[in-house]
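To start, the structure under review is shown below, and the notes come after it.
Computed from the coordinates by the stated procedures, all read-outs in this text should not be read as laboratory data. Here the structure is a predicted model, which is why all the values come from computation and not from measurement. Positions of Cβ are generated from backbone atoms using ideal geometry, with glycine treated the same way; all protein chains shown enter the neighbour counts.
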Amino acid sequence: MKARNKGRFELRFYEGYKNRETPRSIVIGDREFFIEKILWRKRIRDKKTGKTLEVFKCRMDGQKVQISVDDSGKFEIAYF
């Protein structure tokens, strides 16, 4: 019997010749939420931490979300 991975939280990317290019879906537990459209994209430097972030504003599951990804692959999601 397989154990369900309810704590799973993953950001999946389209991977082209530049490696991770654009987010395609977010997996939370057993559900996958597909990114319908990238509305805006920008590379910024966080003034507090000095980290470089790739920020995407997207439409996902009918809602607007902002996804911030740092160089190590860690990410944050904010709903509007």
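Residues whose amide H falls under 5 Å from that of Lys51, counting only those 5 or more places apart or on a different chain, are Asp46, with hydrogens built in the peptide plane. Residue-wise HN-Hα couplings along segment 63-68, as the Karplus relation 6.51 cos²θ - 1.76 cosθ + 1.60 with θ = phi - 60° gives them from phi, are 10, 8, 9, 10, 10, 10 Hz; Gly and Pro carry x. For the chain, a Gaussian network of Cα nodes joined below 10 Å ranks Arg43, Arg24, Arg12 by mean-square fluctuation, and the top entry is Arg43.
Taking every DSSP beta bridge that has both ends in the chain, the antiparallel portion is near 100%.
Count Lys and Arg as plus one, Asp and Glu as minus one, and take only other residues whose Cβ is under 12 Å from that of Lys64; the net charge is then +1.
Comparing mean-square fluctuations of Glu15, Glu54, Glu36 from a GNM of the chain with C-alpha springs under 10 Å, the top value falls on Glu15. Between the entries [x] 1.39; [y] 0.94; [z] 1.00, the label attached to Rg/Rh (Cα atoms, Kirkwood Rh) calculated for this structure is [z].
Assuming charge only on the beta carbon of Lys and Arg (+1) and of Asp and Glu (-1), the dipole of segment 11-50 about its Cα centre is about 400 debye to the nearest 20. Residues whose amide H falls under 5 Å from that of Met60, counting only those 5 or more places apart or on a different chain, are Glu36, Val65, with hydrogens built in the peptide plane. For Arg24, the residues 5 or more places off, or on other chains, whose built amide H falls under 5 Å of its own are Arg12, Phe13, Tyr14.
Taking only C-alpha pairs under 8 Å that are 6+ residues apart, what is the relative contact order of the chain in percent? For the chain, the relative contact order is 18 percent.
Give me the net charge for the shell around Ala78: Cβ to Cβ below 10 angstrom, other residues only, Lys and Arg +1, Asp and Glu -1. Don't skip to the answer; put the middle values down first.
Values: positive: Lys57, Lys64; negative: Glu76.
Combined, the nearby Lys, Arg, Asp and Glu give +1.
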